[in-house]
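Scroll down for the structure; my scribbles are underneath it.
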Amino acid sequence: EVRLVESGGGLVQAGGSLRLSCAASGFTVDDYVIGWFRQAPGKERVGIACVSRSDNKTYYVDSVKGRFTISRDNANNTVFLQMNSLKPEDTGVYYCNAIGPGKSETSVNVYWGQGTQVTVSS
């Protein structure tokens with residue numbers, strides 16, 4: 001069974017830190033591009049960070065760059081998002097996403113977790 005399960009969310013004061021985890025099963029995360037998305041209250045889901053298959057190259061949107069770090073622990077088939085210097089505008093539901101090869105050269109797999117709530121108080 002293919003699963004992505006996020007954990008580590010919670011309530012934190014502005015300036016604090018959280019580390020989110022995304023545990024994968026049924027596929028190998030180092031074969032996939034992994035992204036973190038978030039959806040703030042009343043807003044659309046947006047991508048904020050991703051890590052490539054090749055050399056673990058990372059990318060961040062400007063609003064989180066320098067504060068958030070995405071990483072992959074291939075041995076444990078888990079992806080992390082370290083979030084520091086949190087701001088109230090970081091509040092939302094955070095999702096991990098994986099995209100990579102399917103069973104043939106013309107198929108693509110896309111997987112989503114169910115999300116974890118992050119609330120940052122002012």
Exercise. Run the accessible area of the range 61-107 with a 1.4 Å probe and give the carbon-and-sulfur part as a rounded percent.
Key: 49 percent
Practice problem: Could you pull out the trypsin sites (Lys or Arg not before Pro) across the range 1-60 that fall in loop regions by DSSP (anything but H, G, I, E, B) with no more than 14 other Cβ atoms inside 10 Å? | Solution: Lys43, Lys57
Quiz item: So how far apart, in nm, are the two label points at Trp112 and Asn84 if each is 7 Å from Cα heading toward Cβ?
Solution: 3.1 nm
Quiz item: For the chain, modelled as a Gaussian network with Cα springs under 10 Å, which listed residue fluctuates most, Thr78, Thr28, Thr91?
Solution: Thr28
Quiz item: Which ³J(HN,Hα) values, rounded to whole Hz and listed in residue order, are derived for the range 114-122 from phi using the Karplus coefficients 6.51, -1.76 and 1.60 in 6.51 cos²θ - 1.76 cosθ + 1.60 with θ = phi - 60°, glycine and proline given as x?
Solution: 8, x, 9, 7, 10, 10, 10, 8, 8
Quiz item: If amide H atoms are built 1.01 Å from N in the plane of the peptide, which residues on other chains or at least 5 residues away come under 5 Å of the amide H of Lys87?
Solution: Gly15
Self-check item: Derived scalar couplings ³J(HN,Hα) [the range 4-10; Karplus, 6.51 cos²θ - 1.76 cosθ + 1.60; whole Hz; x for Gly, Pro]
Solution: 10, 10, 8, 8, x, x, x
Self-check item: Per DSSP, loop GluC sites (Glu not before Pro) in the range 17-122 with at most 10 further Cβ within 10 Å
Solution: Glu44, Glu105
Quiz item: Got the relative contact order for the range 64-104 handy, in percent, Cα pairs under 8 Å and 6 or more residues apart?
Solution: 29 percent
Quiz prompt | For Gly115, distant residues with modelled amide H under 5 Å away | solution = Glu6, Cys96
Quiz prompt | Relative contact order of the chain, defined on C-alpha pairs under 8 angstrom at six or more residues apart (%) | solution = 35 percent
Quiz prompt | Fraction of alpha-carbon pairs over 14 Å apart in the range 37-104 - percent | solution = 64 percent
Quiz item: Under 25 Å Cα-Cα from Lys43, which lysines qualify once same-chain neighbours fewer than 8 residues away are excluded?
Solution: Lys65, Lys87
Quiz item: Can you give the alpha-carbon Rg of the chain over 2.2 N^0.38 Å, where N counts its residues?
Solution: 1.04
Practice problem: Could you provide, to the nearest whole Å², the per residue accessible area of the chain with probe 1.4 Å? | Solution: 56 Å²
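The values are calculated or read from the model by the stated rules, or taken from the named source; none is laboratory data. As the structure is a prediction and not an experimental result, all values here were calculated from the model. Cβ atoms come from the backbone with ideal geometry, glycine included; neighbour counts cover every protein chain shown. Note: accessible area is taken over every heavy atom of the protein model, side chains too, but ligands, DNA and RNA are not part of it. Shrake-Rupley method; radii C 1.70, N 1.55, O 1.52, S 1.80 Å.
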